[in-house]
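A.B. asks: This is the structure I want to talk about, given as structure tokens.
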Amino acid sequence: MEESLCCCEYVDRRGERNHLAACCCDCEDLDEGCERWLTCKSLPPGALERIADTVADRVRVPWFAGAVKIKVSLVPPLVLLPVFLHVAALHFLLGLVILTSLPVVVLWYYYLTHRRKERTLFFLSLGLFSLGYMYYVFLQEVVPRGHVGHSQVVALTGGLILMLAALSRAKKDPGYLPILASDEKSQRGLSKKGVGGSSNGLHGVTSSGAAGGRAVNGETKGYSRVSAEEPEGVKKDWCTKCQLVRPARAGHCRLCGKCVRRLDHHCVWINSCVGEQNHQAFILALSFFMLTSVYGITLTLHTVCRGRTPFVALFYCPGAYSDYSSALSFTCVWYCAIVTAGMGYILLIQLLNISYNVTEREARLALRDNTGRRLLGGLVIDTGQYNRGFLCNWGHFLSLGSSPPQRSAEDIV
């Protein structure tokens, strides 16, 4: 019988038992990388990825049933954000450089992870820690000046709580299409038959998809994959990765590895997909964030830059750097303004898409296939496929997830 792990032991990515004390041992890739760097030689292909995987696997903390792995992507925002903001508060020029560089670095990391098709907690960690740290600075530096009333603090705190509640709901199941164990083998068999048993290439896969749809939906008793309420003429898709029939507007997320009903997009800020079941909560979280952020920025500017309107004070506040407390508050205001502008753009695109009843995925596919119309200066792509007018489109959106597809007793068993 294998012995249980002590608090400092763990099973590494190679399946071997290891100890925290040996975290600096057996680092062949790192040693080779340092040696090549000192001798000005290029690294072999994949060396950096192997080094990063090894480091990520060994960053752990002791725990009762064995050392627990720490997500490395969680750490940088917790350390770098306060350091950068405090340095930016030292001088106007430092603030200009840092606040200009931060969005560039975040966008660069986003495109890096997007190209590598990786899920990361960096953006969720950055967002949540930014909220917490801005609220801490507000309570520590702005409220003690005596220009913010208790009711205003309560209103700001209430908005923050509502936003976090909506965010928590948006983090839940977006509407994944489950693969039933009873259907999995039959779906795989149909897929193999369609690919290997037909001489018509892609036609074989399409045929197997149709057969799979009939097998699963013979009596329209299935679950969310094929719903009885959908029109007969609605197009169904066969997902070769999940081996199931997708209802109209569903899509496969390559980051989550699952199909999602009415897939809009994969949002890095919540580290999850936005789909039929959580799209309303996602819009609600963005709306609460915008209201709370603008309110907090206004209260801070009224305190730091007395006698000026918030818009004027944002660009002209002579006494902002007279003391470090004011400088830090003003720097945080600009950081919040940059983040709020980005989130405001996301919210605007979402509201326009809802008004035209089009998802981000459908707009992207329409651009690729040249089947959509650019409207409002390219802010929205109207596919015309599901657009039924402004009121009907919003009525459809507000009814999303209100009646989840029912699964029959046979499916449950």
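The values are calculated or read from the model by the stated rules, or taken from the named source; none is laboratory data. Just so we're clear, the structure is a prediction, and the values are computed from it rather than from any experiment. Cβ: placed from backbone, ideal geometry, glycine included. Neighbour counts: every protein chain shown. Quick note on the areas: whole protein, heavy atoms, side chains included, nothing else; ligands and nucleic acids left out. Shrake-Rupley method; radii C 1.70, N 1.55, O 1.52, S 1.80 Å.
A.B. asks: What figure, in Å² to the nearest 10, do you get for the accessible area of residue 161 with a 1.4 Å probe and non-protein molecules left out?
C.D. replies: Surface open to solvent at residue 161 totals about 100 Å².
A.B. asks: Let me ask something else about it. Quick one: 3J(HN,Hα) in Hz for region 6-14, Karplus 6.51/-1.76/1.60 with θ = phi - 60°, rounded, Gly and Pro as x.
C.D. replies: For region 6-14, the Karplus-derived couplings read 7, 5, 9, 9, 7, 9, 6, 5, 8 Hz, x marking Gly and Pro.
A.B. asks: Under the √(5λ) rule applied to the eigenvalues of the Cα gyration tensor, what semi-axes describe the equivalent ellipsoid of region 44-86? Give them in Å, descending. Mind showing how you got there, number by number?
C.D. replies: Details: eigenvalues 106, 84, 5 Å².
Rounded to whole Å, the semi-axes are 23, 20, 5.
A.B. asks: On to the next question. Output wanted: per-residue J couplings in Hz (rounded whole) for region 267-284, from phi through Karplus 6.51 cos²θ - 1.76 cosθ + 1.60, θ = phi - 60°, x for Gly and Pro.
C.D. replies: Listing the rounded values in order: 9, 6, 6, 10, 6, 7, 7, 10, x, 4, 7, 10, 5, 4, 5, 5, 5, 5 Hz.
A.B. asks: Solvent-accessible area of residue 240, probe 1.4 Å, all protein chains present, reported in Å² to the nearest ten, please.
C.D. replies: 80 Å²
A.B. asks: Report the one residue of 54, 10, 64 whose Cα lies farthest in the direction of the positive end of the charge dipole of region 9-70 (charges on C-beta: Lys and Arg +1, Asp and Glu -1; origin at the Cα centre).
C.D. replies: Among 54, 10, 64, the one farthest towards the positive end of the dipole of region 9-70 is 64.
A.B. asks: How would 258, 41 rank on accessible area, largest to smallest, probe 1.4 Å?
C.D. replies: Values: 258 95, 41 130 Å².
Most to least solvent-accessible, the answer reads 41, 258.
A.B. asks: For the cross-link pairs 71/241; 117/241; 41/69; 41/117, which exceed 24 Å when the distance is taken from alpha carbon to alpha carbon? Don't skip to the answer; put the middle values down first.
C.D. replies: Details: 71/241 27 Å; 117/241 16 Å; 41/69 33 Å; 41/117 29 Å.
From 71/241; 117/241; 41/69; 41/117, over 24 Å: 71/241; 41/69; 41/117.
A.B. asks: Okay, moving on. By per-residue mean of other Cβ atoms within 10 Å, what is the highest-first order of 334-343, 243-252, 103-112? Could the numbers behind the result be given before it?
C.D. replies: Working: 334-343: 17.6, 243-252: 23.2, 103-112: 12.4.
Highest to lowest by the protection proxy: 243-252, 334-343, 103-112.
A.B. asks: How large is ³J(HN,Hα), in whole Hz, for each residue of region 54-64 in order, when computed from phi with the Karplus curve 6.51 cos²θ - 1.76 cosθ + 1.60 and θ = phi - 60°, using x for Gly and Pro?
C.D. replies: Once rounded to whole Hz, the list reads 5, 4, 5, 6, 9, 7, 9, 10, x, 8, 4.
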